[in-house]
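Every number in this text was worked out from the coordinates using simple rules, so none of it is lab data. Just so it is clear, the structure is predicted and the values come from calculations on it, not from any experiment. Here the Cβ is made from the backbone with ideal geometry for all residues, glycine too, and neighbour counts use every protein chain on show.
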Amino acid sequence: MRALLIAALLLASPALAVLPDEMLPDPAQEARAREISKELRCVVCQNQSIDDSDAPLAKDLRVVVREQISMGRTNPEIIAYVSDRYGDFVLLRPPVKPSTWLLWAGPFILLLAGAGGLIAWRRPRSSSSPVAPLDAPLSAEEAKAVAALGDPKS
C-alpha cells in the first residue's frame, strides 16, 4: 500500500510544478494561464510544457504568462510574445511554415524511406553470376576432373 502511495505521489509531481505564489487570484485568469502554459515548451526540459516543469526558466515563463494575462493580453498575443523571444521551438505545436516544413514532414519522410528500404530488401535478387544450373551436363574437362577425384591412383 505504501509503494502505491509513493508511486501516486511521484506521478502527481508534475502537477505541483506551478507554485502557489505564482497563481493568479482570479480562478478564470489562472485557468487561462494554465491553458497557455500547456502550449509552451520548457526550453530546458524540452519534453515538458512549462506547466509541468520544475525548471527555474519554466517558472520564469509561467510568471511572464501570468503578467501578460494581468495586462489584459489575449492568449494568441501571449503565445506570440513568448514565441518572439524564444522562437518557434518554445511552442509545443509549432506552426506549419517554410522554416518548419522539415519538422512536420520528417516523420513521413522517415516512414517512406523505411518502407522503400524494406521493399528493396524483400525484393528477389537476380543472380548475375555466371554459374550454370545444377542440372546442366558436365563439359569434357569437368568430367575428367570428377573422374580424377574418384580415381585413387591420381
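The residues on offer are 43, 82, 64, 90, and the sole one that is among the hydrophobic types (A, V, I, L, M, F, W, C) and in contact with a Phe, Trp or Tyr (Cβ under 7 Å, 6 or more places away or on another chain) is 43. Only helices (runs of 4 or more DSSP H) whose full extent lies in the stretch 46-139 are considered here, and the ones with at least 1 residues that are over 20 Å from the mean Cα position of the chain (by Cα) and touching a residue at least 12 places away in the same chain (Cβ under 8 Å) are 56-70, 75-86.
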